[in-house]
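Written out below as structure tokens is the structure these notes cover.
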Amino acid sequence: MWQSGLNSTALFVDLASNSFFYLGDYIEEKYSEDLDYIMPLQECHDDEFTENDIALLDQMIVVLAHKSQPDLEEQIANKNALWYQSANDHAVFRNLELQPNSPTGLEIDMSLLIADAPRKICIYNGLRY
């Protein structure tokens, strides 16, 4: 599944619909009084990931592990967030109101986050400084 990428339409729709057509062999939903969890059905094999992938995932766990769904949604819906600005510029919200579980096809220009740092832009674009 990792090879499908973070923006895989099929995986997004699978998660949004709770049907787990593609992910059914890998995850399951568990429920408690207060929370819903997505739990793995298989062990993770670290050899599928680079050291940088693992470091990024570890950092995400530290930052996001104790956040609730409303907290995460608030971060995404923050009007200063790049995702929100990009979605607003491309009428994504209107389209999602019409078809809530549909993929948006939105590509976010992450270089906008470092637009004021020329060295980082060069690295981002694969150029030498």
For the range 44-76, what are the residues that are among the β-branched types (Val, Ile, Thr) and touching a helix residue (DSSP H, G or I) at 6+ places or on another chain (Cβ under 7 Å)?
ILE54, ILE76
In the range 96-104, is there at least one residue being over 28 Å from ASP34 (Cα atoms), surrounded by 10 or more Cβ atoms within 10 Å (Cβ to Cβ) and either acidic (Asp, Glu) or touching a Phe, Trp or Tyr at 6+ places or on another chain (Cβ under 8 Å) (or both)?
yes
Among the residues of the range 61-96, the number that are among the small types (Gly, Ala, Ser) and in contact with a Lys or Arg (Cβ under 9 Å, 6 or more places away or on another chain) is 0
Of all residues being exposed (fewer than 10 other Cβ atoms within 10 Å of the Cβ) and acidic (Asp, Glu) in the range 29-50, which is farthest from SER19 (Cα to Cα)? Just the residue, please.
ASP47
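Bear in mind that the values in this text are calculations on the coordinates, not laboratory data. Since the model is a prediction, treat every value here as computed from it, not as a measurement. As a convention, Cβ positions derive from the backbone with ideal geometry for all residues, glycine included, and neighbour counts pool all protein chains shown.
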